[in-house]
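Read the structure below first, then the notes.
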Protein chains: 2
Amino acid sequence: MPSYKAPTADLLYVLHDVLRISETGVPGHDDLDRETAAAILDEAGRLAEKVLAPLNPVGDSEGCRLENGVVHTPAGFTDAFAAMKDGGWNGLDLPEAYGGQNMPYVLATAVGEMFVSANMAFNMYQGLTHGAISAILAHGSDAQKATYLPKMVSLDWTGTMNLTEPHCGTDLGLLRTRAEPQSDGSYRITGQKIFISAGEHDLAENIIHLVLAKAPGGGEGTKGISLFIVPKLLVKPDGALGDRNAVSVGKVERKMGIHGNATCVMNYDGATGWLLGDLHKGMRNMFTMMNEARLGVGLQGYSVAVPAYQNAAAYARDRLQGRAATGPANLSGPADPLIVHPDIRRSLMDQRAFIEGARALTLWGASLIDASHRAGDPAAEAMISLLTPVIKGFQTDKGFEMAVQAQQVWGGHGYIEEQGMSQFVRDARIAMIYEGANGVQALDLVARKLAADNGKAMLAFFDMVKAFINENDGNPALATDFLLPLKAASKDLQAAILFFMQIGMKSPDDALAGSYDFMHLFGHVCLGLMWSRMAKASLAALESGAADRAFHDAKIATGRYYMARHLPATALHLARITSGAAVVMALPAEAF
Amino acid sequence: MPSYKAPTADLLYVLHDVLRISETGVPGHDDLDRETAAAILDEAGRLAEKVLAPLNPVGDSEGCRLENGVVHTPAGFTDAFAAMKDGGWNGLDLPEAYGGQNMPYVLATAVGEMFVSANMAFNMYQGLTHGAISAILAHGSDAQKATYLPKMVSLDWTGTMNLTEPHCGTDLGLLRTRAEPQSDGSYRITGQKIFISAGEHDLAENIIHLVLAKAPGGGEGTKGISLFIVPKLLVKPDGALGDRNAVSVGKVERKMGIHGNATCVMNYDGATGWLLGDLHKGMRNMFTMMNEARLGVGLQGYSVAVPAYQNAAAYARDRLQGRAATGPANLSGPADPLIVHPDIRRSLMDQRAFIEGARALTLWGASLIDASHRAGDPAAEAMISLLTPVIKGFQTDKGFEMAVQAQQVWGGHGYIEEQGMSQFVRDARIAMIYEGANGVQALDLVARKLAADNGKAMLAFFDMVKAFINENDGNPALATDFLLPLKAASKDLQAAILFFMQIGMKSPDDALAGSYDFMHLFGHVCLGLMWSRMAKASLAALESGAADRAFHDAKIATGRYYMARHLPATALHLARITSGAAVVMALPAEAF
């Protein structure tokens, strides 16, 4: 069975040494001194290591079982969910008024990494609830908040998001679920939703479904869509649970991964629902939560790769096979450990360089969400809107790739299910698909985010990179290994944008044909910036006589690896982008 | 359920228009006129489409079941195997003396693509048998050939290869299985082998295991290894089946994919075996079959991607979602098909450009094996030895990547097992691992093949590229779009080799740290060369008034795509290679 060790020191490093979180001025960040953060992360790490991680393979091999309309989660999930509830983890960053602890989102994200790493499928029951809470917080009436939030924050009730239908996922304008207004102010919801994560299960007393449906009078396409609260059990005015609503699970899907989470077909047969937020503004209301939801999936992207990497590294240290080309390293043994081989080392370095860079980018993104929500900073809001598709798309692609590389280190044993490496790969795969498939993220980035507000956020990003380079140009430990490649990569990013401006504006296909490469190009520059910042932070720590020299040396070495081996990918992406749409669209559709 | 359409026209195109197979002068190739090849491929295609492909999801969902020492293959496999036997497909390229048809290996490879595409797990029962036959053909005594080959060629009996043990795969010097010589000339084989594909099943009367074991007196490490024939049922002098041998299946592994093939733990408890080939030369004997076996896995690499691509393309044409950025393409429908979107088109082009390039490279490789085996051409033997790790490593990596991209086109539906896209990904994954994990292929390429015979084969490859460029320089339809990028990529390949020669000879780690990138760099140049040849062939066909203009136009357009969008990856690989070992090996092993 794979093991998991919570990387508390690495998370604290990003929060404090790199992001200097207690100095940002964002309300709540100042509460996050190193000791407080360490105490919370230690506690979360224990839950992740001792309770959630051991259940991860159980969830994978057992899956969820539908019997007579009831979904049974894998053995042990109920107890683990109780532990999650008791720890109050779901409310960590939620308002005290509803039972939360009002800590910053960036801390909840750091905790979230551990929970996802330990058991991605399990953590989704809470994660979806958190998303539904955000929607009710943002758009609910006071009465709705009072009715639903305390029970959802405490995880007595869980939540779901119901968007997809059999014939439409990305293009929600096509959806067919109907909402008919009733005389009592409620709506009757009728239709079928698919791919509903945690749609039905045995972990909570009630499930609060948030459902997109079309109410009369809204017009065609996405304009007619509204958002509704549809509880599994109706809630009486005194808060007690009432009758069963006309919503039922039609099927639990057999999936490639995340078997521990019940992905349901949900049938709404005239179910009673209540409007959440304004009528016909359902799409807009969904979008207000999108940065957070997508950042959460970007978090999954690298977080699944964490235990994959840890177990690959452990195997590489233990497994004896072959001899080092430079002479035996383990003379007393029959062979050397895999880790002596440069190609194994390359793979492990790929993995850790990505993971640590993505961790920094994600936590920076989460701190921008704090700055936007808690300090009302419009520049932070614009920046995270720009970065969101990159964090989601780039990190989930790379996270999957790194899980595959980790599995590869295990050789044939990695392909055997009981070893657990396959699960990481299969689980990681979904993050590239849900919450907007990565191609849709690339489209969002190039067609909407890049040019939003005259490209202000993009310009701010370049200013930030330039400022960092200028501020640190005199530091020889940074200049050659970090600033030079960062400058080159950033230049490639600018050249891609110039191409889009010159060609793409006239011919949208030319921009869109390069959208996926642009997302990756941008992702590399982001990680290059993050590694440059980490190198600076670690150099400063070493200079000031930090005790954990090996820790900081490793950060700098891993950063150098990223800059030398991964950042040059920007030139390839640029070459692909500037080759334009002609080669992409040359064949007629019938030729495929 | 996914569908499969055998690409007969594409295979014939490579054999005849590109490789001009009937003009090579290799004995047997001249029999392969277009009509003969077409008739055979049509017949194989029918079997693949109608019998094998429908069983592919069945094999995946049922898997193999071990009950009381007997392994039951999935429903329908027995009948399909009978059809495979009846068609004589296993003997297609085997000697007539043993019941085969003595057709060229390149034709068997083309047929093999179809069988793998249709049902990779099923085809392995035959594929492993074919490998065992090759070993007996190469190293068996006349008596052994007479005893085993006719029954194996006819598939009455199947074969296996037993190399791996729990503690060793790549490093076979560590193996512990023992062979004790008996007075009657036989050996008693004792030990445990793992990951034995088709180790036990209900498809054949007998199973002929080829087992690597250590016989006394051979010395340490790989030197002491010999190869043994260990039949499941002993064979009497008259050829009739006798007693059960002391070999049994200990377990059928639960794997990520290829569920239809039984991957077994095999226990040899003093089983009777007979030496195959010379004593203590087992490793050398295994190596003589390695090019063929590894080319077979490289064939799997792209062949699994074929149905994945076909089903992605079909989905992209059918699924309505969103509108084209250039204006609606399907005005009468509620939305446009996915295929209008440039990023979907990019993904489909990635897939087909890889598949068609890899098909050409693989068949060229197979024709080199023919030239080596049938015409005794040492240059062909040297070239295929050089190309083998590239065909195996590069093509299985890319084939997996393309299966993932095909799955991605299906969005959320791609993640649901019943749709079948997940199976392609899970099946494709194993090809990167077995028959020498891809990191081992990269090591073999850089540490052994590149410098073999003073780099003669590598120089011959460059000469071939140069000659092609020089011969076609005057053709404006090739010059800019094909020859220019091919030249640049080939220059990157030369620069990488120069780096290895200057730095890597002194410091092996510097070469090995770049081995994986070199394998990919070389793979890209090979596909660039193949696409240049295909473009030339299609331009010539168009010029000579070929009827199927759309077919050749598509080849040229797909080639242009590969040259513009994929070949530039050589520069990235070169940059990674020349960054050397320092950044890769910077961290001590304990830091991981």
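Laid out as a table, the results:
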{"item": "Distance from region A:344-394 to region B:560-585 (C-alpha centre basis), Å", "result": "26 Å"}
{"item": "A:Trp410 accessible area, assembled protein chains, probe 1.4 Å, Å²", "result": "30 Å²"}
{"item": "Reach of A:Lys151 by Cα under 15 Å, taken over aspartates and glutamates that are not fewer than 8 positions away in the same chain", "result": "A:Asp86, A:Glu96, A:Asp142, A:Glu205, A:Asp238"}
{"item": "Cα-projected label distance for B:Glu417 with B:Glu220, points at 7 Å along beta-carbon direction, nm", "result": "4.8 nm"}
{"item": "Efficiency of FRET from Cβ geometry, B:Ala495 and B:Met464, R₀ 22 Å, rounded to 0.05", "result": "0.75"}
{"item": "Accessible surface of region B:437-582 [probe 1.4 Å, protein heavy atoms]: carbon and sulfur percent", "result": "60 percent"}
{"item": "Solvent-accessible surface (1.4 angstrom probe) belonging to B:Thr190, in square angstrom, nearest 10", "result": "60 Å²"}
{"item": "Pseudo-label separations to other copies for B:Thr480 - Cα-to-Cβ vector, 7 Å, nm", "result": "4.1"}
{"item": "Straight-distance crosslink candidates among aspartates and glutamates, where the alpha carbon sits under 13 Å from A:Lys491 and sequence neighbours closer than 8 are dropped", "result": "A:Asp463"}
{"item": "Where region B:1-78 is the region considered: accessible area per residue in Å², 1.4 Å probe", "result": "45 Å²"}
{"item": "Average accessible surface area per residue within region A:350-476, 1.4 Å rolling probe, Å²", "result": "28 Å²"}
{"item": "Axis-nearest residue in chain B [Cβ, rotation onto A], distance in whole Å", "result": "B:Leu572, 2"}
{"item": "By accessible area with a 1.4 Å probe, ligands and nucleic acids excluded, highest first: order of B:His524, B:His373, B:His259", "result": "B:His373, B:His259, B:His524"}
{"item": "Mean projected area (nm²) of the alpha-carbon convex hull when region A:437-582 is viewed from all directions", "result": "9.4 nm²"}
{"item": "Angle between chain A longest axis and helix A:77-86 axis [Cα atoms, degrees, rounded to 10]", "result": "90 degrees"}
{"item": "Sequence of B:Lys145, B:Lys392 when ordered by accessible area, the most exposed leading, probe 1.4 angstrom", "result": "B:Lys145, B:Lys392"}
{"item": "Of all accessible heavy-atom area on region A:158-280, the percent that carbon and sulfur account for (1.4 Å)", "result": "49 percent"}
{"item": "Label geometry 7 Å along the beta-carbon vector: B:Ala39 inter-copy distances in nm", "result": "8.6"}
{"item": "With DNA, RNA and ligands ignored, accessible area of A:Ile503 (1.4 Å probe; Å², nearest 10)", "result": "60 Å²"}
{"item": "Region B:158-280 shape via C-alpha gyration tensor axes, a/c threshold 1.5", "result": "oblate"}
{"item": "Other protein chain Cβ atoms within 10 Å, averaged over every residue that makes up B:332-345", "result": "6"}
{"item": "Cross-link table B:Lys50/B:Lys85; A:Lys392/A:Lys536; A:Lys255/A:Lys398; B:Lys193/B:Lys281; A:Lys193/A:Lys281, entries beyond 24 Å C-alpha to C-alpha", "result": "A:Lys392/A:Lys536"}
{"item": "Mean Cβ neighbour count within 10 Å, used as a protection proxy, ranking B:22-35, A:49-62, A:147-160 highest first", "result": "A:147-160, A:49-62, B:22-35"}
{"item": "Partner chain coverage, peptide A:424-430 - average Cβ within 10 angstrom", "result": "3"}
{"item": "Region B:29-119 - percent of accessible surface contributed by carbon and sulfur, probe 1.4 Å", "result": "47 percent"}
{"item": "Qualifying aspartates and glutamates (Cα of each under 15 Å from Cα of B:Lys223; at least 8 residues distant if same chain)", "result": "B:Asp171, B:Asp278"}
{"item": "Nm distances between copies for A:Asn102, ranked from closest, using label points 7 Å along Cα→Cβ", "result": "9.0"}
{"item": "Largest-first principal axis extents, alpha carbons of the protein assembly as shown, Å", "result": "90, 69, 64"}
{"item": "Separation between Cα centres of region B:515-548 and region A:21-40, rounded to whole Å", "result": "58 Å"}
{"item": "Point-to-point label distance, B:Ser141-A:Ser332, nm (Cα→Cβ direction, 7 Å offset)", "result": "4.7 nm"}
{"item": "Share, in percent, of DSSP beta bridges within region A:141-230 that are antiparallel, nearest 5", "result": "60 percent"}
{"item": "Cβ neighbours within 10 Å from other chains - mean over B:510-521", "result": "3"}
{"item": "Per residue solvent-accessible surface (Å²) - region B:158-280, probe of 1.4 Å", "result": "35 Å²"}
{"item": "Separation of alpha-carbon centers, region B:187-243 and region A:72-89, rounded to whole Å", "result": "50 Å"}
{"item": "Pairwise burial B:A, computed as accessible area of each alone minus the pair, summed, 1.4 Å, Å²", "result": "7700 Å²"}
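The values are calculated or read from the model by the stated rules, or taken from the named source; none is laboratory data. These numbers come from a predicted model, not from an experiment. Here the Cβ is made from the backbone with ideal geometry for all residues, glycine too, and neighbour counts use every protein chain on show. When the accessible area is computed, the model is the full protein with side chains, heavy atoms only, and any ligands, DNA or RNA have been set aside. Shrake-Rupley method; radii C 1.70, N 1.55, O 1.52, S 1.80 Å.
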